[in-house]
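Take a look at the structure set out below.
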Amino acid sequence: MLTEIARHLLYRRRAAAARAWRDAERAQAAERNAAVRRIVAQDVPDPAGRRG
């Protein structure tokens, strides 16, 4: 009984940590994608003169 309670608490702690990790990865990816979008949105001419 006591081991089941401890096991359940540890499981919940691991699940919360995994959720926090996943949320942090998602936030980092969103930040990176926003930075890429800002860079792509800049109207900078191609140094090689290509268009398009």
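The values are calculated or read from the model by the stated rules, or taken from the named source; none is laboratory data. All values reported here derive from a predicted model rather than from experimental measurement. So basically every Cβ, Gly included, is an ideal-geometry build from the backbone, and we count neighbours across all protein chains shown.
Does at least one position in region 2-13 carry a residue that is surrounded by fewer than 10 Cβ atoms within 10 Å (Cβ to Cβ), assigned to a helix (DSSP H, G or I) and of a type in the set (S, T, Y)?
yes
Those residues that are of a type in the set (S, T, N, Q) and at pLDDT below 95, I need them from region 16-52; list them, please.
Of everything in region 16-52, just one residue is of a type in the set (S, T, N, Q) and at pLDDT below 95, namely Q42.
Test A29 against the criterion of being exposed (fewer than 10 other Cβ atoms within 10 Å of the Cβ), small (G, A, S) and out of contact with any Asp or Glu (no Cβ under 6 Å at 6 or more places or on another chain), and give yes or no.
It is false that A29 is exposed (fewer than 10 other Cβ atoms within 10 Å of the Cβ), small (G, A, S) and out of contact with any Asp or Glu (no Cβ under 6 Å at 6 or more places or on another chain).
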